[in-house]
Structures are given as C-alpha cells and as structure tokens.
1. G296 - would you say it is under 15 Å from the mean Cα position of the chain (by Cα), farther than 19 Å from R89 by Cα and either modelled with pLDDT under 95 or surrounded by fewer than 23 Cβ atoms within 10 Å (Cβ to Cβ) (or both)?
2. What's the total number of residues in the stretch 230-251 that are at negative phi, under 11 Å from the mean Cα position of the chain (by Cα) and not small (G, A, S)?
3. Could you list, in sequence order, the residues of the stretch 64-87 that are crowded, with 21+ Cβ neighbours inside 10 Å and out of contact with any helix residue (DSSP H, G or I) (no Cβ under 7 Å at 6 or more places or on another chain)?
4. Has the stretch 91-112 got any residue that is more than 20 Å from N303 (Cα to Cα), of a type in the set (A, V, I, L, M, F, W, C) and not in a loop (DSSP other than H, G, I, E, B)?
5. Only one of (1) surrounded by fewer than 17 Cβ atoms within 10 Å (Cβ to Cβ); (2) at pLDDT 95 or above; (3) under 17 Å from the mean Cα position of the chain (by Cα) fails for E53. Which number is that?
Amino acid sequence: MNEMTDKISICQYSMISGGSLNAKSVRCEHHGALIRADYGGVFGYGCIHPWPELGDQSLDKTLSMLAEGRHTALSARAMECAQRDAQAREEGVSLFDGLVVPRSHATLMMNEDDFEMAVHAGFTTVKVKVGRSPAVEADFIRAQAKIYPELMWRLDFNGSLDPKAVESLLADLGEEVRDKIDFLEDAFLPGITPWVDALGPYDIAMAVDREVEDACGSYGVAVIKPALNQPSPLLERVADEGKRAVITSYMDHPLGQSFAALEAAHAYQSFPKFVDTCGLITHGLFEQNEFTAALGAARPSFNPPSGTGLGFDELLETSLWKPLS
C-alpha cells in the first residue's frame, strides 16, 4: 500500500455530554472531525478532537494546517491511525485480531446515578474530574465512598489548583477516603511544580498527563493518550524507571476511542507488568449515537467494534465526507 496520500476528506461531528467534562471547560457540546485518507483507493480513518481549554489548537486551525500539509500533535497521530487502519482494511482484517485490551476504570461525572450504573456494570476503579468546586466535590466523593466502600478513586485536577488547595481538598476527604485514592492526576497548576515526585500530599501517587513527554522527576504514573502521544518511548521510560502506565482515550469520538484501545492492547502485549487499569471507556459520557451504540454498554472490558481496521465499516462508509480544503 502506498504510505503517502494528499487526498484527505473530513466528516465533522459534534457530541453532547451530560455536563462539563473537566475543570477547565464549561461546555457540553464537543466538536471534532473524522478524517478519511485515500491510499491509492484504500481508505483509512482517524479522529481529530481538540480540547482548546487544555492547550490544543482549535479544530478549524488544526484542519486548515492539515490542508497545508502542517501537523499538530493531534493531526499527526490521526494520520498515523489512518495509515494503519487502511493497511488492515486492505488486508480485510481487524486491527484487534489476536490482541487483549486491558480493563478500564470508569470515567464519571459527579452524578449518583452514574456511580450506581458503573458499580453495577462491574467497575472497581473510578476516575472523576475535580478542581472546579473542591468543597462540593469532596462532599460528593465522601458520600459515594461510603455507599461503595470497595471503589478505588483516581482524581484528575486538569492542572486547576495550587498545592495548598489540593491539600485542602484531600484533608476534607478524610483519611478513610484518602486511603482509597489510587493517584492524583495533573494535580497542580502548570509551572508550579515542574519536578513531580512519585508521591504527593498524604503520600498519594502522582500522575502526569498533559506534560508527560517532558515531565521530570520520579512521578509515579504516566497517563498516555494515544490521540496525542507516541506510546512507545513513554512506555520504555515507564519500564526502565519502574513506573505505572495508564492509557486513556481523549474523551473523543468512538473511532478515536478505539485507536486508544488498540494502542493500549499493544502496550499491554509489550509491557504487561507496567500497564495498569486504563481509561478507555468514555463513550458513556455522551448522548448515544450510532457510533457509541456500536461499542455497546460501558463496561470495564472494551468491546472492539466489528469490521475491518478499527471497525465501524458501514457507519464510516455512509458518513458524509467532504474534501479537506
């Protein structure tokens, strides 16, 4: 298959979440674009889903740069995804053949019904976004931890608080809840602590996400997003330094979510001792559409979509594509 292409089409989409999805965003409508790259008559697909609140170029800017042959981290990874997808589609095989996708935590909003459904579905670890209203969030977490004492917690701050505010929230949670916190992700405002220790306040493990490629120090957990990151060099560092790796989706379209799951499966195959419970199950955060329905109900085990490449064959074929210009 020809590995070069200048024939790219796009299908823009929007997804609606039940609430804001991180401490730096208030919106519930989320825009992205699927790309379709033509490799000599064989199509491959990828996903571009920017989060400008977290530092990404806007969707319009990302697409205009791609039309000019210039890449952001998101578009470069989407094109790599499309190339691999096209190769598998040409061969008539699924990219998931022979692979095991690691289990995932539940990514949840502060909603009692969501927690009940997640526990009922078999999730034992949950990840919640904190930092917007720490006192309210602490009250909610304490209440849910009392109802579901078996749950482990991952708290993602999206770099929204200073160290004093983070310590205050943790103190408010109390010792019993703190003992069930697996890690704190991007706990501090960017630039406050460029050196991230393995253990943070109350000796809770510290995880690095947005700056993981440039992070220094002995941080305990690398959060790897295949939509942005090349996993291999990060996984090699994880293995060399005895850290943990958690591979997550970008809270993007199910196609992008499936690419993250594929990369998680390859990571688990190569580094089984270091790949921890991942964060690949995020389609339940959005109103259902045909693509989210193809992934099935939100459960700890990822359900690869049927079809060739990354799947979704019929849905992708019948989507409305227009030339990138």
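1. Values: under 15 Å from the mean Cα position of the chain (by Cα): no; farther than 19 Å from R89 by Cα: yes; either modelled with pLDDT under 95 or surrounded by fewer than 23 Cβ atoms within 10 Å (Cβ to Cβ) (or both): yes.
No.
2. 4
3. Kept after step one, since they are crowded, with 21+ Cβ neighbours inside 10 Å, are these residues of the stretch 64-87: 66, 74-75, 77-78, 81-82, 85-86.
Hits for the stretch 64-87 are R77, A78, A82, D85, A86.
4. Applying the first criterion (more than 20 Å from N303 (Cα to Cα)) to the stretch 91-112 yields 91, 109-112.
Of the ones still in play, those that are also of a type in the set (A, V, I, L, M, F, W, C) are 109-110.
Pick out the ones that are also not in a loop (DSSP other than H, G, I, E, B) and you get none.
Within the stretch 91-112, none of the residues are more than 20 Å from N303 (Cα to Cα), of a type in the set (A, V, I, L, M, F, W, C) and not in a loop (DSSP other than H, G, I, E, B).
5. Among (1) surrounded by fewer than 17 Cβ atoms within 10 Å (Cβ to Cβ); (2) at pLDDT 95 or above; (3) under 17 Å from the mean Cα position of the chain (by Cα), the lone unmet condition for E53 is (2).
Here's the yes/no breakdown for (1) buried (at least 23 other Cβ atoms within 10 Å of the Cβ); (2) assigned by TED's automatic domain parsing to the domain that holds S232; (3) among the polar types (S, T, N, Q); (4) modelled with pLDDT of 95 or more:
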site: T248; (1), (2), (3), (4): yes, yes, yes, yes
site: L255; (1), (2), (3), (4): yes, yes, no, yes
site: S258; (1), (2), (3), (4): yes, yes, yes, yes
site: L262; (1), (2), (3), (4): yes, yes, no, yes
site: F271; (1), (2), (3), (4): no, yes, no, yes
site: L285; (1), (2), (3), (4): no, yes, no, no
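The values are calculated or read from the model by the stated rules, or taken from the named source; none is laboratory data. Since we're looking at a predicted model, the values are computed, not measured. Note: ideal-geometry Cβ built from the backbone for every residue, glycine included; neighbour counts use all protein chains shown.
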